[in-house]
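Structure first, commentary second.
The values are calculated or read from the model by the stated rules, or taken from the named source; none is laboratory data. Every value quoted in this text rests on a predicted model; they were computed, and no experiment measured them. Every residue, glycine among them, receives a Cβ derived from its backbone with ideal geometry; neighbour counts consider all protein chains shown.
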Amino acid sequence: MDEKLLKLRHSLSHVMAEAVLKKFPDALLGIGPAIEEGFYYDFLLPRALTPEDLNEIEQEMRRIVKGNIKFVRKELSRAEARKAFKNQKFKLELIDELPEGETISTYTSDTFTDLCKGPHVESTKEIPANAFKLLEASGAYWRGDEKNPQLQRIYGTAFSSKNELDEYLKRLEEIKERDHRKLGKDLELFHLSDEIGAGLVLWMPKGAAVRMALEEYWKSAHFKAGYQVVYSPHIAKLDLWKTSHHWEFYRENMYSPMEIEGQDYELKPMNCPFHLQMYKMRKRSYRELPLRWAELGTVYRFERSGVLHGLMRVRGFTQDDAHIIVTPEQLESELVNILNLNLEILRTCGFSEYDIYLSTMPDHHVGTYENWEKATSALKSVLEKTNLPYKIDPGEGVFYGPKIDIKIKDTLGRAWQCTTIQVDFNLPEAFHITYVGEDGQEHQPIMLHRALMGSLERFFGVLIEHYKGAFPVWMAPVQARLIPVTDKQTEYCRRVVAELRDMGIRAELDDAPERMQKKIMTAQHEKVPYQLVVGEREAGQEQVAVRLRTNEDLGPMPLADFKRMIRRIIDERSASLK
């Protein structure tokens, strides 16, 4: 965000706070920063805000902005600041936490004074009255802690011109139309039920069909790349997670242990300790390495209810996980293999743009600096050799090693975290895993952790929004729907459905007692790629009249030609419909 826009948005957060205080004089103020796409302010209010309230507050903001009001900065002593905000407990808390000797400043505009470092515009005349809008109000705990009071956060956005605002609001409408939660319900792809529990996903038949297509492709791509598939339990003894250091470093994201016959067990947050136990079942030779084990493993992580979000943030999810055991000499070449496989899978699923980050050692970690440096250098070297542009993300590695994170970009240019590739010297040491080298001696291998799609749940959510529910044919829940013009063609349609299913095509018959046009509209609403309309002529000549979900009419064609077309498109995993 450039400095001009930062000042504009930050100033509007103050204008909004003034407008709120005019409507709710006893409101308690939280904080009100500028953010990437706008601004917000948190308030403790006597009642829940309504859309009508937001409209009134916005109109009051426009009145204030037109007043050509200056923003005046003032420095205060700690005692003066406490006196100025004596009736604002959240501001007093912030003042008390400021380091001794730090400058305390306020900004005053019109009737409003706020504890603030700035920056601001000089005057409200710099704020276009037609280029900002309040968007919504939502709940937000003070300081992000659910033990604190829940405030009401009002979000707004602002730009330098009305045209920029209009473009942004248009984009927001498109985002709403693509919302995976809305489409997931409309298309019956998945369900989240309070009776089951927050953050636990029920995959409906149509969503499960997409998942099955993804899993089949994932498995075939991994088999070609030399992976073997494994499976592991959902729980294990607590001691396993202590050995892996998860209990030490990751405990806040794990559930409480359960006792089984006097032993503490834990729901798994990761798959890696299981794969290490498999490796340890017998001695391994350098000739077996690299050893590539992959698992579509369901894991469980404690996420607070305030951060749960549809499929994007859940409590139980399936990782497309794999662990590769390598010798030091194999490290870089195997990282290249992982990146190549990863980019191939992302491209096949429709993603060709992404941001890449190299995440380095966090403050809390295990292992020696020497090993961390080796691991980080290997990741950096591979990114540079493969000419992949990247940014450093300082301190964002996992506790056992640095990592590459890849954020894919969807149709609207939004970035989503999916891929992670991690280099780990430490878990092999913790679990005492070795291999017998060419010299006959035991050596410690290196472990690579990687998830390419990330979690199937989040990846599916991104796919829904990326394609707006209109998945490529190879993924589509229903690939072809037979629509008879009259009941006389139903028997022929049943036979065609059976033949298509024999080919592995997800086909179905719509024999509901409704008009043909209504059935076509329903199929298009459900984003079925092909509607195969069958009248008397088509049934008599072994044909189908092909309509696309785009409403394009390909007209009648021999059934054999349609079979060849759809088989080719599915086998090529093409984005085309013809």
(message) Quick check on this structure: which one of PRO445, PRO428 is touching a strand residue (DSSP E or B) at 6+ places or on another chain (Cβ under 7 Å) and surrounded by fewer than 23 Cβ atoms within 10 Å (Cβ to Cβ)?
(response) PRO428
(message) Just to verify a result, which residue in the stretch 53-69, among those that are modelled with pLDDT of 95 or more and over 16 Å from ASN130 (Cβ atoms), is surrounded by the fewest Cβ atoms within 10 Å (Cβ to Cβ)?
(response) GLU56
(request) Please give the number of the condition LYS86 fails out of (1) in a helix (DSSP H, G or I); (2) surrounded by fewer than 17 Cβ atoms within 10 Å (Cβ to Cβ). (result) (1)
(request) Look through the stretch 158-203, keep the residues that are touching a residue at least 60 places away in the same chain (Cβ under 8 Å) and among the small types (Gly, Ala, Ser), and return whichever of them is farthest from TRP416 (Cα to Cα). (result) SER160
(request) Pick out the one residue from THR419, THR411 that is under 30 Å from LEU172 (Cα atoms), surrounded by fewer than 15 Cβ atoms within 10 Å (Cβ to Cβ) and either touching a helix residue (DSSP H, G or I) at 6+ places or on another chain (Cβ under 6 Å) or not assigned by TED's automatic domain parsing to the domain that holds SER352 (or both). (result) THR411
(request) Would you list the strands (runs of 3 or more DSSP E) that sit entirely within the stretch 127-216 and hold 3 or more residues that are farther than 23 Å from HIS14 by Cα? (result) 190-192, 201-203
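Residue by residue, here is whether (1) at pLDDT below 95; (2) within 19 Å of GLU499 (Cα to Cα) holds:
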position	(1), (2)
GLU526	no, no
GLN531	no, yes
ARG549	no, no
MET557	no, yes
ASP561	no, yes
ARG568	no, yes
ALA575	yes, no
(request) Would you mind stating whether PRO257 is touching a helix residue (DSSP H, G or I) at 6+ places or on another chain (Cβ under 8 Å) and more than 23 Å from LEU296 (Cα to Cα)? (result) yes
(request) Hey, can you tell me all the residues within the stretch 150-164 that are surrounded by 15 or more Cβ atoms within 10 Å (Cβ to Cβ), under 23 Å from THR50 (Cα atoms) and not hydroxyl-bearing (Ser, Thr, Tyr)? (result) LEU151, GLN152, ARG153, ILE154, GLY156, ALA158
(request) Scan the stretch 89-115 residue by residue and report those that are of a type in the set (D, E, K, R), touching a Gly at 6+ places or on another chain (Cβ under 9 Å) and assigned to a helix (DSSP H, G or I). (result) LYS91
(request) Out of ALA140, ALA129, report the one residue that is of a type in the set (Gly, Ala, Ser), touching a helix residue (DSSP H, G or I) at 6+ places or on another chain (Cβ under 7 Å) and under 25 Å from LYS7 (Cβ atoms). (result) ALA129
(message) Within the stretch 384-413, take every residue that is more than 30 Å from ILE464 (Cβ to Cβ) and outside any loop (DSSP other than H, G, I, E, B) and give me the one that is nearest to the chain's Cα centre (by Cα).
(response) ILE392
